[in-house]
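*Asks:* Got a structure for you, written out below as structure tokens; questions coming shortly.
The values are calculated or read from the model by the stated rules, or taken from the named source; none is laboratory data. In this text, all values refer to a predicted model and were calculated from it rather than measured experimentally. So basically every Cβ, Gly included, is an ideal-geometry build from the backbone, and we count neighbours across all protein chains shown. These area figures cover heavy atoms from the full protein model, side chains too; ligands, DNA and RNA do not enter into them. Shrake-Rupley method; radii C 1.70, N 1.55, O 1.52, S 1.80 Å.
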Amino acid sequence: MNAEIIAVGSEMLTPHKQDTNSLYLTEKLNELGVEVRFKCVVGDDFEGLVAAAKLAMRRSDIVIFSGGLGPTEDDLTRESVAQALGLPLYRNPEIVARLEARFAKRAIKMSPNNLKQADVIANAVPLANSVGTAPGQWISGKYDGKERIVLLLPGPPYELKSMFEGECMARLKAKVPQQHIAMRTLKMALIPESQVDARVAPIYKAYSDIESTILAGAGEIHLHFRCRKETQAEAETRIDELAAKVEDEMGDAIFSRRGETIEQIVSFLLQMRGLTLAVAESCTGGMLAERITSISGSSRYFLGGAVVYSNELKTQFANVPKALIDTHGAVSREVAAAMAEGIRKRCLSSYGVGITGVAGPTGGTEQKPVGLVYIALAGDEGTQVVERNFPSDRTRIRQFSSLQALEMIRRALL
């Protein structure tokens, strides 16, 4: 069976709000062997919602709406789906009673428009909302001569997740034919997407039964493989075969084989070898330390460090000689190396990282343009320094710089 997800709400058509519910729903549907073929966002527009519902029910076995079940005038999901199905709405007295009891328990007067949340499409099964006021609805039957399942779920993520797991998963398991999907994600850092695809496309194109996608973003390349078979073992075996060939081609450029982040991989390698790390950051402003400490248990290997934005603090906290800065400038190979070595010595860590550069958009010169960054890694085997020119905005330059540092640490630990 295939599915379609429709996120309802005009706020998601602005720059200020994103649809995250569909990511969760896709994950859960995949666990059931259901593939999501379509996703869309529809504003609070009755005619638009009716049209989207009709199209979705014509082409998808399972259609899930998230949002638009509140009490206000612009909450139109119930009415739109009822119109698309040609079914009436009725006010469910049991839901009315639950709404009244909920408000009474909190000593809050219920507004009359809350009763709208008790409107149920004929033949639908109301779905209890244990953490909110808006009940969901389950509709199962024929549309245009084909069996369809339609779910109406609330928009707030914590309400949707609670309802889907408590009210929908068991019902879907009983309806969905047993199917099995195997997935694999291989990740690489700081390699051009075109180069990766030129090397791996001849491999994955030979597997017509596996859906292959290559995605690039934030300095990383992700290869996604999906295979649907009659048994999980068959799907996993097929994915394993393709992944092994891609791994042979790309070698240690692949830092993750099961979807792990590079921070997780660095964490694993440092702990496995019983090593520690300290950082001295200038242009990244603590971003590398933030990424490292985003992993639970990072205190076992990350000792700390310093954000040494000024030249004075580079000397005071990272032991960078003032004469070195005066001679080569704060943004230089020599200063990056001194930062890494200085913070390592100061913190008594196995490895030290130093990052200095021009994040922009101001401060660049012809000799040292915006995007020029030096990243250094110091350890027992010596100090290595990488020079990079990241042609992007301030945020991405800082992101790429911290990623480069993590990639250097990972490769040093292989």
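*Asks:* Restricting to the range 150-196, name every residue that is surrounded by 15 or more Cβ atoms within 10 Å (Cβ to Cβ), touching a Gly at 6+ places or on another chain (Cβ under 8 Å) and part of a loop (DSSP other than H, G, I, E, B).
*Replies:* Selection gives PRO154, GLY155, PRO156, VAL176, GLN179, LEU190.
*Asks:* State which residue pairs qualify: first residue among the small types (Gly, Ala, Ser) and inside the range 330-353, second residue surrounded by fewer than 24 Cβ atoms within 10 Å (Cβ to Cβ) and assigned to a loop (DSSP other than H, G, I, E, B) in any location, beta carbons under 8 Å apart, and separation of 6 or more residues or different chains.
*Replies:* ALA338/ASN319; ALA338/PRO321; GLY342/ASN319; SER349/THR276; SER350/LEU275; SER350/THR276; SER350/ASP380
*Asks:* Can you confirm whether the range 309-331 contains a residue that is under 32 Å from the mean Cα position of the chain (by Cα) and under 23 Å from THR395 (Cα atoms)? First the steps, then the outcome.
*Replies:* Taking the range 309-331 and keeping what is under 32 Å from the mean Cα position of the chain (by Cα), we get 309.
So of that shortlist, the ones also under 23 Å from THR395 (Cα atoms) come out as 309.
There is at least one residue in the range 309-331 that is under 32 Å from the mean Cα position of the chain (by Cα) and under 23 Å from THR395 (Cα atoms).
*Asks:* Would you check which residues across the range 301-344 are open to solvent by 40 Å² or more (accessible area, probe 1.4 Å), among the aliphatic types (A, V, I, L, M) and in contact with a strand residue (DSSP E or B) (Cβ under 9 Å, 6 or more places away or on another chain) and list them?
*Replies:* LEU303, VAL307, LEU313
*Asks:* Taking interchain pairs and intrachain pairs at least six residues apart, which have beta carbon atoms under 9 angstrom, with the first residue in the range 34-56 and more than 15 Å from VAL150 (Cα to Cα) and in contact (Cβ under 8 Å) with a residue 60 or more places away in the chain and the second assigned to a loop (DSSP other than H, G, I, E, B) and hydroxyl-bearing (Ser, Thr, Tyr)?
*Replies:* So the pair list comes out empty.
*Asks:* Return the residue satisfying two criteria in turn: it lies in the range 43-76 and is of a type outside the set (A, V, I, L, M, F, W, C) and farther than 18 Å from LYS17 by Cβ, and of such residues it is least open to solvent (accessible area, probe 1.4 Å).
*Replies:* Per the stated criteria, the residue is SER60.
*Asks:* Same structure again: For the range 345-376, what are the residues that are open to solvent by 30 Å² or more (accessible area, probe 1.4 Å) and of a type in the set (A, V, I, L, M, F, W, C)?
*Replies:* Scanning the range 345-376 gives CYS347, LEU348, VAL370.
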